[in-house]
Amino acid sequence: MSKKVAVLITDEFEDSEFTSPAEIYKRAGFEVVTIEKQAGNVVKGKKGEAEVTIDRSIDDVSPAEFDALLLPGGHSPDALRGDDRFVAFTKEFVASGKPIFAICHGPQLLISANGVRGRKMTTVKAVAIDLINAGADFHDKEVVVDGDKLVTSRTPADLPAFNRESLRILEAL
């Protein structure tokens with residue numbers, strides 16, 4: 001049975017922050033499962049380079065089904081954190097202690113789920129103050145790994161380091 005990575009995603013995600021890690025994970029034998037409001041929805045990246053057909057509805061999934069969580073950036077995390085179902089899913093994932101991978105604006109969902117206090121993290125500059133105010137230990141670096149359970153990066157330019165560290169953790173599961 002392959003390990004499963006949940007991806008919370010909706011329209012206006014940062015194209016490469018989903019496509020790049022998803023491709024790396026799939027090539028390594030992991031199942032990538034996209035989750036949004038309704039299975040079958042097609043969501044589009046903010047650059048128009050990627051379209052994703054949603055695999056599962058948030059109403060039909062549980063964090064217990066998955067081995068890790070990917071939170072791509074763009075405008076998607078901000079839109080999703082306005083929906084209590086996505087915040088509850090994220091909060092339960094944080095409580096599970098399973099690995100979480102968040103890039104760019106992805107940590108916005110973790111902030112809303114009260115999942116950043118005392119954790120070493122990074123994010124895009126515009127969200128850094130929010131992380132700090134929520135109690136995270138902020139580091140402005142291409143990738144920050146907290147206890148091999150949380151991997152964060154700032155922008156698409158950091159994807160090689162983000163992919164390397166998240167895949168390392170997935171392969172150790």
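The values are calculated or read from the model by the stated rules, or taken from the named source; none is laboratory data. Keep in mind that what you see is a predicted model, and the values were worked out from it rather than measured. Note: ideal-geometry Cβ built from the backbone for every residue, glycine included; neighbour counts use all protein chains shown.
From the list R85, R81, which residue is farther than 27 Å from E171 by Cβ, surrounded by fewer than 18 Cβ atoms within 10 Å (Cβ to Cβ), charged (D, E, K, R) and at pLDDT 95 or above?
R85
List pairs: first residue in segment 48-61 and touching a residue at least 60 places away in the same chain (Cβ under 8 Å), second residue aliphatic (A, V, I, L, M) and surrounded by 11 or more Cβ atoms within 10 Å (Cβ to Cβ) anywhere in the structure, Cβ distance under 8 angstrom, at least six positions apart or on different chains.
none
Which residue is surrounded by the most Cβ atoms within 10 Å (Cβ to Cβ), if the candidates are limited to segment 116-146 and must be in a loop (DSSP other than H, G, I, E, B) and in contact with a strand residue (DSSP E or B) (Cβ under 8 Å, 6 or more places away or on another chain)?
My answer is T123.
Within segment 58-78, count every residue that is surrounded by fewer than 24 Cβ atoms within 10 Å (Cβ to Cβ), among the small types (G, A, S) and touching a Leu at 6+ places or on another chain (Cβ under 9 Å).
So the answer is 1.
Go through segment 21-65 and give me each residue that's acidic (D, E) and either modelled with pLDDT of 95 or more or touching a His at 6+ places or on another chain (Cβ under 7 Å) (or both).
Selection gives E23, E31, E36, E51, D55, D59, D60, E65.
Yes or no, residue by residue, for (1) part of a helix (DSSP H, G or I); (2) in contact (Cβ under 8 Å) with a residue 40 or more places away in the chain; (3) within 20 Å of K125 (Cα to Cα):
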position	(1), (2), (3)
S2	no, no, no
V5	no, yes, no
E17	yes, yes, yes
K26	yes, no, no
G29	no, no, no
G40	no, no, no
L69	no, yes, no
P77	yes, yes, yes
H105	no, yes, yes
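Out of G147, G115, G97, report the one residue that is in contact with a Lys or Arg (Cβ under 7 Å, 6 or more places away or on another chain) and over 22 Å from S2 (Cα atoms).
Going through G147, G115, G97 in turn, just one is in contact with a Lys or Arg (Cβ under 7 Å, 6 or more places away or on another chain) and over 22 Å from S2 (Cα atoms): G115.
Looking only at segment 89-103, decide whether some residue is surrounded by fewer than 22 Cβ atoms within 10 Å (Cβ to Cβ), outside any loop (DSSP other than H, G, I, E, B), hydrophobic (A, V, I, L, M, F, W, C) and at pLDDT 95 or above.
yes
For residues in segment 147-159 being in a loop (DSSP other than H, G, I, E, B) and not acidic (D, E), which is surrounded by the fewest Cβ atoms within 10 Å (Cβ to Cβ)?
In this case the residue turns out to be G147.
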